[in-house]
Amino acid sequence: MRIVFIGPPGAGKGTQCRRLSRELAIPHISSGEMLRATRNDSTLGELVASYINGGQLAPDDLMMQFIIERLRQPDCQRGYLLDGFPRTVNQAEMLTAYLSERDQRIDSVVNLILQEDVLVQRLLARADLEGRADDTPETIQARLKVFRDRTEPVLGHYRGRGIVIDIDAAGTPEEVFGRVCGSLQGT
């Protein structure tokens, strides 16, 4: 299975992907974690850090390079969960083209939905708990705006294919996971 998780920052994409990765025994590929891991590695890492720390998206071509490199790994042959990619319609189109060249496709897109005030509370709590430099009140608002402006349209790209599953992301991680699993069983 090839599944994309979409949702605003703080909706629980990482939490749900980690659980589903264990359940399905396929890798969880977090674009944010990949980018954060490169921050101190090189000049490229410093460039990436400047985007993340400002609450902005890394350029599409750069992101696609990171994703392709990861998808070529042997553990991705049986499937994977994409968390935080694609974040723009252009990235979605690039991913579709890459996969179709290999006679593959995205099977499902899980859209995690949560009210903005709850998202902000979750992100501020995560900043305290994990020490995330990219979860300040200013960058949270910038990231939510970027999500509304650039990532929400990705859902339209996939809705036209009939593969979007809308999930209420309110409640405990266990409750949300139950909704995710129940929705994916029908796909």
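Coordinate-derived values only; no laboratory data. None of the values given here were measured: they were computed from a predicted structure. Every residue, glycine as well, gets a Cβ built from its backbone with ideal geometry; the counts of neighbours run over all protein chains shown.
Database remark: amide H of Asp166 closer than 5 angstrom to the amide H of Asn111 (H placed geometrically; neighbours at sequence offset of 5 or more, or on other chains; Pro and chain starts carry no H). Phi angles across the range 162-167 convert, under the Karplus curve 6.51 cos²θ - 1.76 cosθ + 1.60 with θ = phi - 60°, into 3J(HN,Hα) values of x, 10, 8, 10, 7, 10 Hz, Gly and Pro given as x. Listed values (i) 1, 8, 16, 22, 22, 18, 10, 3, 0; (ii) 1, 7, 12, 15, 15, 13, 10, 10, 8, 4, 2, 1, 0, 0; (iii) 2, 8, 16, 20, 18, 15, 11, 6, 3, 1, 0, 0 include one computed from this model; for P(r) over Cα pairs in 5 Å bins from 0, in percent that value carries the label (i).
The Cβ shell under 14 Å around Tyr158 holds other residues with a net charge of +1, Lys and Arg each +1, Asp and Glu each -1.
So if a site counts as exposed when it's one of the trypsin sites (Lys or Arg not before Pro), its DSSP state isn't H, G, I, E or B, and it has at most 16 other Cβ atoms within 10 Å, what's the longest stretch of the chain without one? No qualifying site falls inside 1-71, the longest such stretch. For the range 91-173, applying the loop criterion from DSSP together with a ceiling of 15 other beta carbons within 10 Å to the GluC sites (Glu not before Pro) yields Glu101.
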